[in-house]
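The values are calculated or read from the model by the stated rules, or taken from the named source; none is laboratory data. Predicted model, so just to flag it, every value in this text is computed and none were measured. Reconstructed Cβ throughout: ideal geometry from the backbone, glycine too, with neighbour counts over all protein chains shown. What goes into the accessible areas is simple: the full protein's heavy atoms, side chains included, and nothing from ligands, DNA or RNA. Shrake-Rupley method; radii C 1.70, N 1.55, O 1.52, S 1.80 Å.
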Amino acid sequence: MNTEEAPEKATQKRRRPSASMLLAIVLAIAAIGWIASGNLEMLGLADPVETAGQPVAETAETEKPDDAPPQAVRVFDSVARERQTNLVIAGRTEASRRVVIRAETAGTIREIDVFEGEVVEKGQVLARLSIEDRQAKYDEAKALVAQREIEYDAASKLANKGFQSEIRRAEALAELDAAKAQRQQWRVELDRTAIRAPFSGIYHSQQVELGDYVEQGNTIGTVTDLDPILVVGDVSEREVSRIGLGETASAKLITGQEEQGKIVYIGSVANETTRTYRVEVEITQTGNAFREGMTAELRLPTVRAKAHLISPGFLTLSDTGAVGLKTVDGDNVVHFHLVQILESSPQGMWVGGLPDEATLITVGQEYVIEGETVTPVPDTVLAPRFQSGGEEGNRS
């Protein structure tokens with residue numbers, strides 16, 4: 001009897017849920033309900049909650065109710081001012097002239113008068129070659145000229161008296177001219193043994209030593225002219241039309257030294273790789289104190305034009321990614337204008353491409369689109385700064 005009842009009681013005990021199991025089921029149901037409510041809200045099925053006093057930004061998927069008030073934006077009235085801005089580009093120093101000195105005749109280096117790094121003057125001897133028999137050849141040519149001159153004088157006198165034909169006088173003149181040409185040839189050859197600087201500058205890259213034998217055309221060294229010196233840079237195809245030849249520009253070297261110079265060259269052919277144009281600024285009376293290849297900042301004056309002073313924070317992008325500003329017209333309708341950044345200064349950013357008078361959106365431009373009607377609110381914080389600032393930076 002007891003044996004048969006025991007399994008039945010055991011089965012009844014296994015079927016009865018425990019308290020811990022009931023608690024786990026309740027927690028699971030609560031968690032599922034919480035997750036489901038979050039998903040519904042994410043999908044927009046739950047009722048949105050809007051905090052009082054905080055406007056909800058519109059998105060492409062959300063439309064304003066017909067009775068909703070226009071979006072409020074902060075604005076200020078900007079008036080363009082005539083200004084000569086400066087185009088700032090990276091540059092580098094370059095020599096105005098450079099020439100590789102080569103031997104004009106063959107010979108042995110018998111004398112070196114100037115060494116690398118020294119300043120040389122135009123015509124100064126850098127090195128001398130051995131004269132060898134050049135002096136003797138020159139003396140011989142001089143003697144021959146003297147002989148030919150006597151022969152020509154004698155032939156001329158005899159011809160004048162009729163004792164000799166004109167043909168003989170012409171032959172004597174030709175022999176004299178040939179002797180003079182030979183004398184000049186040896187004089188030039190003798191002068192070529194003295195290797196001279198073609199202009200004033202710095203002598204460097206010396207290639208010969210005392211006793212070296214050089215052939216005609218061998219390199220002796222290099223002379224570089226650093227007075228005047230050039231500061232060169234590359235201007236984009238969009239900006240090159242804004243600068244002009246002869247304008248005074250400034251160059252600030254990496255050492256902090258700042259110099260004034262003239263724009264002496266603007267390239268007419270663009271670099272095929274960068275699509276930029278070379279610009280050269282010439283700085284005179286440097287005394288060869290500058291070095292070639294130094295980094296510099298070039299400030300190139302541009303053509304005077306009307307510009308607005310703004311904060312970079314006012315800028316926004318169009319649907320195509322173009323940089324511009326949003327304005328509000330007299331009917332409170334938003335418009336987008338492409339702008340050209342002319343110059344950055346401590347007071348702000350100068351831009352062109354806007355009407356002479358424009359109402360600029362300073363806050364809220366990201367939440368409105370072109371053609372939308374808005375509620376403009378005067379920006380009393382930024383307006384005074386940009387309506388009167390920046391005059392100290394206006395250069396004539």
Portion, in percent, of the accessible area of segment 203-252 that falls on carbon or sulfur, probe 1.4 Å: 41
Potential extension, Thr284-Asp139 segment - 0.36 nm per residue separation minus Cα distance: 47.6 nm
Two-decimal log10 I(q)/I(0) for segment 129-216, as the Debye equation yields it once each C-alpha is a single scatterer, q = 0.12, 0.15, 0.17, 0.24 Å⁻¹: -0.56, -0.70, -0.79, -1.10
Phi to ³J(HN,Hα) by Karplus 6.51 cos²θ - 1.76 cosθ + 1.60 over segment 320-334, Hz, x for Gly, Pro: 8, x, 7, 7, x, 10, 9, 10, 10, 8, x, 9, 6, 9, 7
Using θ = phi - 60° and Karplus 6.51 cos²θ - 1.76 cosθ + 1.60, couplings along segment 71-78 (whole Hz; Gly, Pro as x): 4, 8, 9, 8, 9, 8, 7, 10
Separation between Cα centres of segment 326-351 and segment 78-106, rounded to whole Å: 33
Dimensionless Rg over Rh [segment 261-396; C-alpha; Kirkwood]: 1.10
HN-Hα J in Hz across segment 222-236 - Karplus 6.51, -1.76, 1.60, θ = phi - 60°, x for Gly and Pro: 10, 10, 10, 8, 10, 9, x, 10, 9, 10, 10, x, 10, 10, 5
Charge-dipole axis of segment 245-396 as Lys and Arg at +1 and Asp and Glu at -1 on Cβ define it, positive-most pick from Gly352, Thr362, Leu382: Gly352
Using a Förster distance of 51 Å, the FRET efficiency for Thr373-Ser268 (Cβ separation, nearest 0.05): 0.55
Long pairs among Lys122/Lys262; Lys122/Lys142; Lys137/Lys180, criterion Cα-Cα beyond 23 Å: Lys122/Lys262; Lys122/Lys142
Long-range amide H partners of Leu226 with built H, under 5 Å: Ile202
In segment 120-176, chymotrypsin sites (Phe, Trp or Tyr not before Pro) in a DSSP loop with at most 11 other beta-carbon atoms within 10 Å: Phe163
Residues with amide H under 5 Å from that of Gln164, placed H, sequence gap 5 or more: Ala159
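Rule-of-thumb check for segment 95-141: C-alpha Rg over 2.2 N^0.38 Å? Spell out each step's value before the answer.
On the way: Rg = 14.0 Å, N = 47, 2.2 N^0.38 = 9.5 Å.
Working it through for segment 95-141, the quotient is 1.47.
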Distance-filtered residues of segment 221-235 - backbone nitrogen under 12 Å, label point 7 angstrom along Val99 Cα→Cβ: 222-225
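If you filter segment 242-347 for GluC sites (Glu not before Pro), then keep DSSP loop positions with at most 12 other Cβ within 10 Å, what is left? Working shown, then result.
Details: sites: Glu247, Glu258, Glu259, Glu272, Glu280, Glu282, Glu292, Glu297, Glu343; in loops: Glu247, Glu272, Glu292.
Sparse-neighbourhood loop GluC sites (Glu not before Pro): Glu272.
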Nonlocal amide H pairs with Arg83, under 5 Å, H built at 1.01 Å: Ala305, Lys306, Ala307
DSSP-assigned coil residues among trypsin sites (Lys or Arg not before Pro) in segment 204-304, each with at most 10 further Cβ atoms within 10 Å: Arg238
FRET efficiency estimate (nearest 0.05) - Cβ-Cβ, Glu237 to Phe115, R0 51 angstrom: 0.65
Segment 266-396, accessible surface, carbon-and-sulfur percent (1.4 angstrom probe): 50
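Roughly how large, in nm² to one decimal, is the mean projection of the convex hull of the alpha-carbon atoms in segment 197-333? Working shown, then result.
On the way: hull surface 58.5 nm².
Reported value for the Cα convex hull: 14.6 nm².
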